[in-house]
Amino acid sequence: MNNLPKDWELVDLIKLSYFKGLTPSLLKNVVDNYNSYLEFIEADLPPNLNILINQGELFKRKQIVPNVEAEKQLETCNNHQINICTIWDENYPLLLNEIHQSPAFFFYKGSLDKINSPTISIVGTRKCSTYGKINTRRYANYFASKGVNIVSGLAYGIDTEAHLGAIESGGITFSVIASGIDKLSPQTAISNSEKIIESGGALISTYHCGVRALPPFFLQRNRIISGLSSATLVVESKVKGGSLNTAKFARDQDREVFAVPGNITSINSEGTNALIRDGLAKLTNSPESLFKELLFDYSSKIQLIDSVELNFATKDEENIYAILSFEPIHIDELVNKVNTNMSQLLVCLLNMEFSGSIKQLPGKYYIRN
């Protein structure tokens, strides 16, 4: 639905986006101060705006470029079921509207119905450790089960774990990408994007269809991730990790930043430990404590999930659970600690997996679930 003011059309907004130097703020000013795109291009432009748009060339000679490109954009969007949300629309994210240079419009595929529910972004390194994966799932599972949206960037590693963790808990997750939605890659990202959409979330991009991801685009992507969220959680990051940029944007946007501490000898935790050490992020050691600290404002439609009471069939199962933690333990180490034979241990582990109290990882490692 077109909620643009006056006689502006969506295609006109896209035309404006092709003029170099026309920032989101200037673009909004153009729409708010002219009755239509035609009136704008025929009017005498203010000197400062004239310089930005013309860049030494006559403005009207360049009209044909945005006209053609804008029509192509709408055609591509229609072919790929991609929607466009403008800052004048009712479903434009409230938190995103608060940041400096909020995008005048963005592309999305999926649903924005829950975009203004409580939201937290979870980010981190692509080459994450088992420790990082486990903690990402813990936080994403817990927050999603409480009705809190999860925002991330659909990259390998922590981002993917955050999205999938939200989905497996029946939550909503939004992914912000650094390319046109029609140019999403690789195949694993495409497959995960389908899961995000099917579960009620959406893919979001500020880049035109046809644009492939380039390194500079990820900064803008990270700015939008933090802009959509009340708080940003960095689970695992190297000292120069891209997720530290997301944390910086969050601070600049006056949003809260949290970090999961890690092993002081791990390169993957150098960034998160530095954030905590330098006072740039608050330490969090459990999703429960972070949830309480954030004090999300819930509507009556959000149902909070109570903790599940654990019941063990045997004393051995109780002992196994007591020994396990969120740090993986190999089955050979476990059999020695439980003081039982391997066949009996395997029976207990299988029963506990079925009950959902523990989880098996690749390589015969086990953790609490």
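For the reader, a short list of remarks on this structure follows.
- Filter result for Ile51 (aliphatic (A, V, I, L, M) and modelled with pLDDT under 85): yes
- For the stretch 95-117, the count of residues that are in contact with a strand residue (DSSP E or B) (Cβ under 8 Å, 6 or more places away or on another chain), of a type in the set (Ser, Thr, Tyr), crowded, with 19+ Cβ neighbours inside 10 Å and assigned by TED's automatic domain parsing to the domain that holds Pro215 is zero.
- Residue check, Tyr139 surrounded by fewer than 22 Cβ atoms within 10 Å (Cβ to Cβ), assigned by TED's automatic domain parsing to the domain that holds Phe174 and not in a loop (DSSP other than H, G, I, E, B): no
- Verdict on Ser117 being in a strand (DSSP E or B) and either modelled with pLDDT of 95 or more or farther than 25 Å from Val11 by Cα (or both): no
- Highlighted here are the helices (runs of 4 or more DSSP H) found entirely within the stretch 236-304 that include at least 1 residues which are over 22 Å from Leu219 (Cα atoms) and modelled with pLDDT under 95: 287-294.
- Total residues in the stretch 181-205, condition surrounded by 21 or more Cβ atoms within 10 Å (Cβ to Cβ), in a loop (DSSP other than H, G, I, E, B) and touching a residue at least 40 places away in the same chain (Cβ under 8 Å): 1
- Scanning the stretch 327-363 for residues that are surrounded by 15 or more Cβ atoms within 10 Å (Cβ to Cβ), touching a strand residue (DSSP E or B) at 6+ places or on another chain (Cβ under 8 Å) and not in a helix (DSSP H, G or I) gives Pro328, Ile329, Ser357, Ile358, Lys359, Gln360.
- Restricting attention to the stretch 154-180 and to residues that are among the acidic types (Asp, Glu) and within 20 Å of Leu228 (Cα to Cα), the residue that is surrounded by the fewest Cβ atoms within 10 Å (Cβ to Cβ) turns out to be Glu161.
The values are calculated or read from the model by the stated rules, or taken from the named source; none is laboratory data. Computed from a predicted model, the values in this text were never measured in an experiment. Using ideal geometry, Cβ is built from the backbone for each residue, glycine included, and neighbour counts are taken over all protein chains shown.
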